[in-house]
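Note sheet for the following structure.
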Amino acid sequence: MATKPGGDKITRYIVIGMVVFVVAIGVVFSLVSSKSSGSAAAPSSVSKADGYGMVFNADLKGKPVVDVWEDFQCPVCSRFEALNGAYVQQLITEKKAKVIVHLLSFIGPESILAANAAACAADENKFLAFHSYLYAHQSPTENSGLWTGAGLLKAGAAVGLTSSEFAACVTSGNYSDWVTNVAADGAKKNINSTPTIFVNGKEIDRNTAYFDAAAFAKAVEG
């Protein structure tokens, strides 16, 4: 087949240009995801020192510190919650551990909206109930439209969140900058999958401890 003189060179330039473009986009995304806002509104239980996580039993001493990194749209997180969620709540309510929940938003817009709504729920001391509800009713399809404004308000109502303050917080995206801060902190710490669990600053073995309830409890409490 005949080709125009210089055709291979032109094709090569196009390919090189596309590679440069993709790399540039990746760099921009990395820079954006690594930025955080020092003035972001956040629930009172959030600690900047703890990676902008939602902290339970903040003043507890001499007990394990459990960091849970998760995304409300993550199906593996839903599996983890179904198996270990009640135990994690027990750690909190019985003051057996300091638990820090980091709500990531890897999967897209509805992860951001759900994380914001969970922070709104925290304002009314309903974070844990709302958290459990979202995982129990997770959509099988990512960004399906389930966790948008109306769906999140319905989820809130299911756990007793019916105030105008909650509705305004959800619909305005009051804590969206805080969600960005959590994402930026996760990027700095190379958290690249969910769930990711640390106990006393060390990641536990996801292959043996995440989906074996007894092994998970042993990893936490020894």
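Taking θ as phi - 60° and the Karplus parameters 6.51, -1.76 and 1.60, the scalar couplings of segment 117-132 work out to 5, 5, 5, 4, 5, 4, 4, 10, 6, 10, 4, 5, 5, 5, 4, 5 Hz in sequence order, x denoting glycine and proline. The relative contact order of segment 46-221 comes to 31 percent, based on Cα pairs under 8 Å that sit 6 or more residues apart. Ordering Ala155, Leu91, Ala119 by Cα displacement along the dipole of segment 57-160 toward the positive end leaves Leu91 in first place; charges were set at the Cβ atoms of Lys, Arg (+1) and Asp, Glu (-1).
Considering all projection directions equally, how large on average is the shadow of the alpha-carbon convex hull of segment 47-183, in square nanometres?
Details: hull surface 30.4 nm².
Spelled out: convex hull of the Cα atoms, projected over all directions, averaged, 7.6 nm².
For the pair Thr148 and Lys189, a Förster radius of 41 Å applied to the C-beta separation gives a FRET efficiency near 0.90, rounded to the nearest 0.05. The charge dipole of segment 46-221, taken about its Cα centre with unit charges on the Cβ of Lys, Arg, Asp and Glu (plus for the first two, minus for the last two), comes to roughly 380 debye. Given a Förster distance of 41 angstrom, what is the FRET efficiency for Ser139 paired with Asp177, based on the Cβ-Cβ distance and rounded to 0.05? Rounded to the nearest 0.05, the efficiency is 0.95. The amide H of Ser47, built 1.01 Å from its N in the peptide plane, has Tyr52, Gly53, Val55 as neighbours under 5 Å, considering only residues 5 or more places off or on other chains.
Taken about its Cα centre, segment 83-131 carries a charge dipole of about 240 debye when Lys and Arg each add +1 at the Cβ and Asp and Glu each add -1 at the Cβ. Net charge in the neighbourhood of Ser111 (other residues with Cβ under 14 Å of its Cβ; Lys, Arg +1, Asp, Glu -1) is -4.
Once the Cα gyration tensor of segment 98-172 is found, what semi-axes does its equivalent ellipsoid get, as square roots of 5 times the eigenvalues, in whole Å, sorted largest first?
Values: eigenvalues 59, 44, 27 Å².
Three semi-axes, in Å: 17, 15, 12.
Report the gain in length on full extension from Ala82 to Lys202: 0.36 nm times residue separation, minus Cα-Cα distance, nm rounded to one decimal.
Numbers: separation 120, 0.36 × 120 = 43.20 nm, distance 2.30 nm.
Using 0.36 nm per residue and subtracting the Cα-Cα distance, I get 40.9 nm.
None of the figures in this text is laboratory data; all of them are computed from the coordinates on show. Predicted model, so just to flag it, every value in this text is computed and none were measured. Don't worry about glycine lacking a Cβ; one is built from the backbone with ideal geometry, like all the others, and counts go over all protein chains shown.
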